[in-house]
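Any read-out appearing in this document is the output of simple, stated calculations on the displayed coordinates, not a laboratory observation. Since the structure is predicted, the reported quantities are computational estimates derived from the model, not experimental observations. Virtual Cβ from ideal backbone geometry, glycine too; neighbours counted across all protein chains shown.
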Amino acid sequence: METDRLFADRQPLSSRALRRLILEESHRAHVGHIGSALSVVDLLAALYGGAIRSRSPDDPERDRFVMSKGHAALALYAALFLRGWLSRAELASYCADDSRLGVHPAHHLPGVDFSTGSLGLGLSIGAGSALAARLLGKDRRTYVLLSDAECNEGATWEAAMFAGHHRLANLIAIVDLNGQQALGPTAEILNQDRLHERWASCGWAVREVDGHVPAAVREALTPRPLQPLVVLAETISGRGVSFMERQVNWHYLPMSDEQYAIALAESEALA
């Protein structure tokens, strides 16, 4: 374990490192959801590269994180490894028999605060976490990373109205606006135009950002007083791999050896 932690400490928590780990482990496990994981890489680089305040995964004063977009869990596991909270050996067990690292994250893994999987429930969990912190007199924040498809869900908007009503200023949501979901383009399945106004009408402060610029994302995550904050992050599914970008089929498909070699080379070339 100590060797693994030293190995992790030598690696910067960068978007490039996250992408490489996602590609390596998804190829080894022969598991899909690659496009979904790659779209949130820069968001997680911003969150775990400084926005989330946490000395260790069991620090009681740590900020909490909800990976509502649970099918992108491999990106989260890669971030936990780069923070030194997950060993390289355990990361390499992703989707193996008896592994703690499934396609969706579960809270028995250090660094995973809440189990997620059913889409549309993460913001409700986050609102409860933020309210609990207030009731306990704690200054910790709760961050929730949602997919844009989760904005199709009624539960998301119930939670948004609840958080706005209670002015949960310690709640920060990030919506991964990659424009597609399992069955096609989001705009064709359920149009989400004027999303900025929809969140604002629920009492949220709203910021819009290029989701592939970690420094800009980190700046946008600065909380607002008296209001929950949502960051609408424009992203690209399959970011960094030309044959995956904006292609819905990479929501599910695993890579062949040839595709893996191309993906790894293209990803390494991306800044």
Computed about the Cα centre, the charge dipole of the chain from +1 Lys/Arg and -1 Asp/Glu charges at the Cβ has a magnitude in debye, to the nearest 20, of 860
Give, as a single signed number, the net charge of other residues whose beta carbon lies under 9 Å from the beta carbon of ARG64, with Lys and Arg counted +1 and Asp and Glu -1.
-> +1
Peptides 188-196, 142-150, 246-254 ordered by average Cβ neighbours within 10 Å, highest first | 142-150, 246-254, 188-196
Quick one: Kirkwood hydrodynamic radius for the range 47-169, alpha-carbon pairs, angstrom, one decimal?
-> 15.0
Spin-label model distance (nm) - PHE243 vs GLU158, 7 Å beyond Cα toward Cβ | 4.3
Mind jotting down the distance between the C-alpha centroids of the range 125-144 and the range 168-228, whole Å?
-> 19
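Please compute the net charge surrounding ALA127, taking Lys and Arg as +1 and Asp and Glu as -1 over other residues with Cβ under 13 Å from its Cβ.
Charge balance in the 13 Å sphere: +3.
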Residue list for the range 19-55, given a label point 7 angstrom along the Cα-to-Cβ vector of LEU190 and an amide N cut-off under 20 Å = 36
Kindly work out what percent of the DSSP beta bridges joining two residues of the chain are antiparallel, to the nearest 5.
-> 10
Packing rank of 225-235, 86-96, 53-63, 168-178, where each peptide gets the mean count of other beta carbons within 10 Å, highest leading | 168-178, 225-235, 86-96, 53-63
Förster radius 22 Å - calculated FRET efficiency between HIS108 and LEU135 (Cβ-Cβ, nearest 0.05) = 0.30
Determine by what factor the alpha-carbon radius of gyration of the chain differs from 2.2 N^0.38 Å, reporting the quotient.
-> 0.95
May I ask for the net charge around ALA45, where only other residues with Cβ less than 12 Å from the Cβ of ALA45 are counted and Lys, Arg are +1 while Asp, Glu are -1?
-> +4
